Every structure is written in structure tokens, then in C-alpha cells.
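Take a look at the structure set out below.
The values are calculated or read from the model by the stated rules, or taken from the named source; none is laboratory data. Please read these numbers as outputs of a predicted model, since none were measured by experiment. Using ideal geometry, Cβ is built from the backbone for each residue, glycine included, and neighbour counts are taken over all protein chains shown. Just the protein is used for accessible areas: all its heavy atoms, side chains included, with ligands, DNA and RNA removed. Shrake-Rupley method; radii C 1.70, N 1.55, O 1.52, S 1.80 Å.
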Amino acid sequence: MKHLVLAIIVLAAGAAPALAGPTDLFTEKVADFGVSPKGTVLVHYFRFTNNTQQTLTLGNPRVSCGCTAASVSKATVAPGETAAVIAHMDTRRIPVPNVTKSVLVYVPFLSPTQEEVVLRVQTVTRDDLMMSPDVIAFGSVKAGAGARASTKVTFMSDPNWKVTAATSTGGFVKAEFKEEGRNGSMVTYDVTAVLDPNCPAGNWVSDIHLTTSNAAVGKLRVPVTVTVAAPSVAVSPETAAFGSLPMGVETEKKITLKSGKPFKILEVKGADEQLKVTVEKTGASEVHTIVVAANPKATGGFTRMVEIVTDDKDQPKLVIPVTAKVVAK
């Protein structure tokens with residue numbers, strides 16, 4: 001009987017799942033930049049979230065080649081926090097073009113357990129490919145404004161070279177391209193990133209991927225960066241979400257509009273027999289309160305868009321979604 005009990009204990013221990021280590025926190029361990037022009041600096045963020053119950057401590061990363069530098073966004077990562085290992089690959093320091101260059105990034109996790117995570121970045125640099133500028137950088141864009149920014153991509157080894165498609169990894173960035181000119185074996189394209197006016201405030205990065213007719217440069221990556229400035233008029237909360245709303249019962253929610261300078265509300269659009277919108281102040285003020293009163297007449301989904309027109313030159317229009325699920329009393 002003792003032997004049977006011992007066997008059961010051993011089997012149970014063997015069936016226990018292994019605890020996740022730092023390596024398991026990374027959903028991405030390889031960043032392939034594809035083909036890149038000689039002279040560009042390629043940047044990638046290996047993001048991870050600490051989904052353990054303990055604080056993680058990281059040391060300074062080391063790399064297998066001097067063409068790449070690596071750092072961590074934060075050395076101490078609390079449970080639930082997200083951090084990143086940032087790799088900068090300088091193609092000017094890659095000696096041999098037209099071949100794949102892979103660099104390993106070793107990231108030491110010091111506590112609660114010691115483990116070294118190995119990441120990898122790689123690219124093929126070409127000295128017959130140019131991109132000017134090498135990043136489509138919008139800089140700072142006002143929220144709601146939208147913008148366009150471009151780069152020139154030139155390939156110098158194929159007179160018949162064509163860009164056949166362009167796609168974007170960013171949900172708020174669209175890609176456009178057009179042929180700029182041909183001169184002997186040199187072909188140039190204009191590649192444009194179009195920023196959606198609905199892009200939220202924050203610092204954003206994405207990539208435009210070009211598909212071309214030459215297998216040697218069949219896939220090209222164009223980095224895109226943008227900082228969308230917070231709107232000059234802040235809305236809190238950003239939506240009037242009523243949740244479950246009894247039919248025929250008027251219910252109110254208050255929305256606050258706040259700015260660093262006085263402004264006026266000139267007009268309110270979107271109200272109807274089931275939705276009233278009242279502005280508490282008519283004069284110029286840094287803070288306005290709007291009362292949204294919903295009184296739906298039928299069960300089901302209830303959605304309205306309230307448009308607030310202001311005299312603020314930087315934020316002349318604000319749109320506040322109003323939602324509810326209408327139920328019987």
C-alpha cells in the first residue's frame with residue numbers, strides 16, 4: 001500500500017503544469033526588418049506584460065554585434081505592468097550588404113528567478129536601395145486634424161522595377177504610392193501615409209509594407225511615427241453610455257467639457273424627441289456641463305451622435321456618442 005501511495009504522489013507531481021518563465025512572457029521573439037536601405041537605423045519594441053504575481057527585475061541587455069544596441073523601457077516591472085526591450089539596429093555598421101544579418105539580444109531577468117531571454121533582430125541591407133527620409137515622421141498632429149506625410153523610395157538595379165501594393169499595420173494609417181520617375185536602371189516611387197482624423201491622442205508607430213516586382217526587394221518596410229496631441233477641449237466621460245434603460249423613463253447623464261482657455265458652445269446638433277441636450281452655460285467658460293437626457297420610445301438598441309459646435313479654433317467640433325439598451329419597464 002505504501003508503494004501505491006508513493007506512486008500516486010509521483011504521478012500527480014509529474015502532471016503539474018510548469019510555471020511560466022520570463023521567456024514565456026514574450027509573444028514575439030524575432031523581429032525581421034526584411035530588406036532595408038544601407039544607412040537606416042531600424043527600431044523594434046519587444047513588448048511583454050508581467051502576468052505573474054511577482055515584481056520582475058531586469059538587467060542591462062547585451063548583443064552579439066556592435067551594429068545593434070538594446071535597452072529596457074523599465075528595469076522593474078510590477079505585476080500587470082507592460083514593458084519593452086528596445087533594439088536599435090544601425091545598418092551603417094553592417095559591413096556586408098545583400099545578405100541576412102542576424103543579431104541576438106540577451107536580456108537578463110535577475111529576480112525573482114534568474115533567466116536570460118534571447119531575442120533576435122535581422123535584416124538584409126542593400127546599397128542599391130534608398131529611402132528619403134528613412135522614416136515617415138508626422139511629428140505632432142492635433143487630435144482630429146488628420147495629416148499626410150511621404151517618403152521617396154528608389155531602387156537602382158532594375159529598370160523594370162514596380163511597386164505593386166502597399167499595406168499598413170496601423171489601424172489609423174492608410175498607405176498610398178505612385179511612380180515618381182525612371183532614369184536608366186533607377187526607379188523612384190512616392191510613398192504616402194494618410195493619418196485618419198479619428199486617431200486617438202498618444203504616440204503611435206506602424207509600418208507600411210511595400211510589395212514589389214523584384215524578388216530581391218520583394219517586400220520593403222517603411223516605418224511610420226506620429227504623436228497625436230490631446231484635444232484642446234477634453235470631454236469627460238467621452239460617451240454617454242446609459243446601459244440598460246427602461247423604455248419611457250427619462251434618464252440623465254452629465255458630460256463635462258474642459259479647456260485651458262474660455263470657449264463658447266455655439267450649437268448642439270443631434271437632439272430629437274427621444275434625446276434632449278441642455279447646455280448649462282451660454283457664455284465663455286473654461287468648463288461647460290452638458291446634460292444629456294434620454295427618453296427612448298421603443299425597446300432595443302438606442303444610439304445617437306451629439307455634435308457640439310464651439311468657437312475654439314483648435315477644437316471647433318466635438319462628437320459625443322449616446323448609447324443605451326432599452327428594456328421594458
Residue by residue through region 161-173, note down the ones that are open to solvent by 30 Å² or more (accessible area, probe 1.4 Å) and small (Gly, Ala, Ser).
-> 165, 168, 171
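Can you name every residue in region 55-65 that is part of a loop (DSSP other than H, G, I, E, B) and open to solvent by less than 50 Å² (accessible area, probe 1.4 Å)?
The initial filter retains those residues of region 55-65 that are part of a loop (DSSP other than H, G, I, E, B), namely 55, 59-61, 64-65.
Listed by number, the residues that qualify are 59, 61, 65.
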Scan region 255-262 and give yes if some residue there is part of a strand (DSSP E or B), farther than 25 Å from residue 203 by Cα, open to solvent by less than 40 Å² (accessible area, probe 1.4 Å) and at pLDDT below 90, otherwise no.
-> no
Here the residues within region 129-160 that are part of a loop (DSSP other than H, G, I, E, B), open to solvent by less than 40 Å² (accessible area, probe 1.4 Å) and over 23 Å from residue 216 (Cα atoms) are 143, 146
Give region 161-184 a look and list any residue that's in a loop (DSSP other than H, G, I, E, B) and either at pLDDT below 95 or out of contact with any Ser or Thr (no Cβ under 7 Å at 6 or more places or on another chain) (or both), or say none.
-> 169, 170, 171, 172, 184
Out of (1) outside any loop (DSSP other than H, G, I, E, B); (2) surrounded by 13 or more Cβ atoms within 10 Å (Cβ to Cβ), the odd one out for residue 39 is which?
-> (1)
Applying the selection to region 174-191, what residues are β-branched (Val, Ile, Thr) and buried (at least 18 other Cβ atoms within 10 Å of the Cβ)?
-> 187, 191
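Tell me the residue from 326, 306, 291 that is assigned to a strand (DSSP E or B), within 16 Å of residue 238 (Cβ to Cβ) and in contact (Cβ under 8 Å) with a residue 12 or more places away in the chain, please.
Numbers: 326 fails: within 16 Å of residue 238 (Cβ to Cβ); 291 fails: within 16 Å of residue 238 (Cβ to Cβ).
Testing whether each residue is assigned to a strand (DSSP E or B), within 16 Å of residue 238 (Cβ to Cβ) and in contact (Cβ under 8 Å) with a residue 12 or more places away in the chain leaves just 306.
Among residues belonging to region 104-128 that are among the β-branched types (Val, Ile, Thr) and under 13 Å from residue 29 (Cβ atoms), point out the one that is surrounded by the fewest Cβ atoms within 10 Å (Cβ to Cβ).
The residue in question is 118.
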Per the filter on region 87-98, residues of a type in the set (A, V, I, L, M) and either open to solvent by less than 70 Å² (accessible area, probe 1.4 Å) or closer than 17 Å to residue 59 by Cα (or both) are 87, 89, 94
Residues located in region 279-329, provided they are among the acidic types (Asp, Glu) and either modelled with pLDDT of 90 or more or loosely packed, with under 12 Cβ neighbours inside 10 Å (or both) = 286, 307, 311
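On the basis of being farther than 18 Å from residue 319 by Cβ and not small (Gly, Ala, Ser), does residue 261 make the cut?
Numbers: farther than 18 Å from residue 319 by Cβ: yes; not small (Gly, Ala, Ser): yes.
Against the criterion (farther than 18 Å from residue 319 by Cβ and not small (Gly, Ala, Ser)), residue 261 qualifies.
Output the number of residues of region 130-183 satisfying the condition of being closer than 19 Å to residue 39 by Cα and of a type in the set (A, V, I, L, M, F, W, C). Can you show your working first?
Initially, region 130-183 is screened for residues closer than 19 Å to residue 39 by Cα, giving 130-137, 150-157.
Pick out the ones that are also of a type in the set (A, V, I, L, M, F, W, C) and you get 130-131, 135-137, 153, 155-156.
Of the residues in region 130-183, 8 are closer than 19 Å to residue 39 by Cα and of a type in the set (A, V, I, L, M, F, W, C).
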Whichever residue in region 221-254 is exposed (fewer than 12 other Cβ atoms within 10 Å of the Cβ) and among the small types (Gly, Ala, Ser) and, among such residues, is farthest from the chain's Cα centre (by Cα) | 244
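Output the residues belonging to region 190-217 that are touching a residue at least 12 places away in the same chain (Cβ under 8 Å), small (Gly, Ala, Ser) and either assigned to a loop (DSSP other than H, G, I, E, B) or within 23 Å of residue 166 (Cβ to Cβ) (or both). Write out each step before concluding.
Taking region 190-217 and keeping what is touching a residue at least 12 places away in the same chain (Cβ under 8 Å), we get 190-214, 216-217.
Checking the rest, the ones that are also small (Gly, Ala, Ser) come to 193, 201-202, 206, 213, 216.
Of everything in region 190-217, those that are touching a residue at least 12 places away in the same chain (Cβ under 8 Å), small (Gly, Ala, Ser) and either assigned to a loop (DSSP other than H, G, I, E, B) or within 23 Å of residue 166 (Cβ to Cβ) (or both) turn out to be 193, 201, 206, 213, 216.
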